[in-house]
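**Q** Below you will find the structure I want to go over with you.
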Amino acid sequence: MRIIISPAKKMNIDTDSFGFNQLPQFIEDTKILMDYLKGLSYYELKLLWDCNDKIASLNYKRLQNMDLYSNLTPAILSFEGIQYQYMAPGVFSTDQIEYIEKYLRILSGFYGILRPLDGVVPYRLEMQAKINHNNYKSLYEFWNRKIADQLFSESNCIVNLASKEYSKCISKYLDDSIRFITCVFGEIIGDKVVEKGTLAKMARGEMVRFMAENKIEDVEEIKNFNRLNYFYVDHLSNENTYVFLKKEE
């Protein structure tokens, strides 16, 4: 089993909490992307990043001084988004860190795929970004099936806690040998199950924490997830989609 999650836009440097274990597996590909980005002007990068001047200036400065091999932060501590806040890896026990290092993978437009204790630097590059490099028009084309193949080489059962933008670089390469289970955290609106962005991110983070605290190795056990008032709904679920609904308070 492997669990996949998305990265977060906001990143930090934390070299104090605990150290990184290794470099990312596709660091040579990351270097190609870094060199491409460094060749773009500030204006071109701002368009690519689709952000305001404050964020663009910060990331432009980071890019100019970027060194992929020094002052590295463990990936799991580097991302600051809502999902990571609810996962709260900074207070994981040693056993829980070992669990996520084995089972959790972070998908990344810049690094491809990350283990939690891979050493990273702050970057800004979303998977859906449009690039124009060596006939590649997108990061999906750049990474092609490399991320998926790495994941499939590790396990034939994937628990998908990533957004559609990121899970797409795995799901388009699925075949019958891989079980791909997407967890949906929603509520009934009309006659449909609807996910709300912030609440879903919170629940995805809590699910990772739940799995780490309970050291879950059998995917069926995630049906017992009951945090943030969510509960598993069997009749709305199937083999490849586990639906969790939020109880009305």
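**Q** Along the positive direction of the dipole of the chain (beta-carbon charges: Lys, Arg +1; Asp, Glu -1; about the Cα centre), which of N134, N229, I4 reaches farthest?
**A** N134
**Q** Under 23 Å from the Cα of K215, which lysines turn up, not counting those fewer than eight places away in the same chain?
**A** Answer for K215, where 23 Å is the Cα cut-off: K102, K201, K223, listed by chain and number.
**Q** I've got another one for you. Using only Cα atoms, locate the centre of segment 206-249 and the centre of segment 40-114, then give the distance between them in Å, rounded to an integer.
**A** 27
**Q** Taking Cα atoms, how many degrees apart are the long axis of helix 53-64 and the longest axis of the chain, rounded to 10 and kept between 0 and 90?
**A** Around 70 degrees separate the two axes.
**Q** Another question, if that's okay. Please arrange R227, R124, R209, R145 by how many other C-beta atoms lie within 10 Å of their C-beta, fewest to most. Kindly include the intermediate steps, with their values, before the conclusion.
**A** Working: R227 15, R124 23, R209 19, R145 12.
Neighbour counts put them in this order, fewest first: R145, R227, R209, R124.
**Q** Amide H to amide H, which residues 5 or more places from I3 or on other chains are under 5 Å from it, using H placed in the peptide plane?
**A** Amide H neighbours of I3: L104, R105, V159.
**Q** How about K172: which aspartates and glutamates have a C-alpha closer than 17 Å to its C-alpha, ignoring those fewer than 8 places off in the same chain?
**A** Filter leaves E141, D149.
**Q** For the chain, take the longest principal axis of its alpha carbons; what is the angle in degrees between that and the long axis of helix 94-103, to the nearest 10 within 0 to 90?
**A** That helix lies at roughly 80 degrees to the long axis.
**Q** By a straight-distance test (C-alpha under 12 Å), which aspartates and glutamates pair with K247 as possible cross-link partners, with residues fewer than eight away in the same chain excluded?
**A** By straight Cα distance, K247 reaches E187.
**Q** Which entries in K38/K130; K61/K168; K10/K130; K9/K192 show an alpha-carbon gap greater than 24 Å?
**A** Exceeds cut-off: K61/K168; K9/K192.
**Q** When each pair of different Cα atoms in segment 123-249 is counted once in the 1/r mean, what is the Kirkwood radius in angstroms, to one decimal?
**A** Values: mean 1/r = 0.0617 Å⁻¹.
Radius from the Kirkwood sum: 16.2 Å.
**Q** Right, something else. Largest first and in whole Å, what are the equivalent-ellipsoid semi-axes of the chain based on the Cα gyration tensor, each being the root of 5 times an eigenvalue?
**A** Values: eigenvalues 184, 79, 68 Å².
In descending order the semi-axes read 30, 20, 18 Å.
**Q** Next question, about the same structure. Relative to the longest principal axis of the chain, what angle (0 to 90°, nearest 10) does the C-alpha long axis of helix 197-213 take?
**A** Between helix and principal axis, roughly 80 degrees.
**Q** Separate question: List the residues, sorted by chain then number, that are 5 or more residues from T241 or on another chain and whose placed amide H is less than 5 Å from its amide H.
**A** Residues meeting the criterion, in which the H sits 1.01 Å from N, are T182.
**Q** Might you report the magnitude of the Cβ-based charge dipole of the chain about its Cα centre, with Lys and Arg at +1 and Asp and Glu at -1, to the nearest 20 debye?
**A** Numbers: 31 positive and 34 negative charges, 159 e Å.
That gives the chain a dipole magnitude of about 760 debye.
**Q** Further, regarding this structure: Using the Karplus curve 6.51 cos²θ - 1.76 cosθ + 1.60 with θ = phi - 60°, what ³J(HN,Hα) values do you get for each residue of segment 79-89, in whole Hz, with x for Gly and Pro?
**A** 8, 10, x, 4, 4, 6, 5, 7, 5, 6, x
Laboratory data are not the source of any read-out in this text; all were calculated from the coordinates shown. It should be emphasised that the depicted structure is a prediction, and the values quoted were computed from it without experimental measurement. Cβ coordinates were reconstructed from backbone atoms using ideal geometry, including for glycine residues, and neighbour counts include every protein chain displayed.
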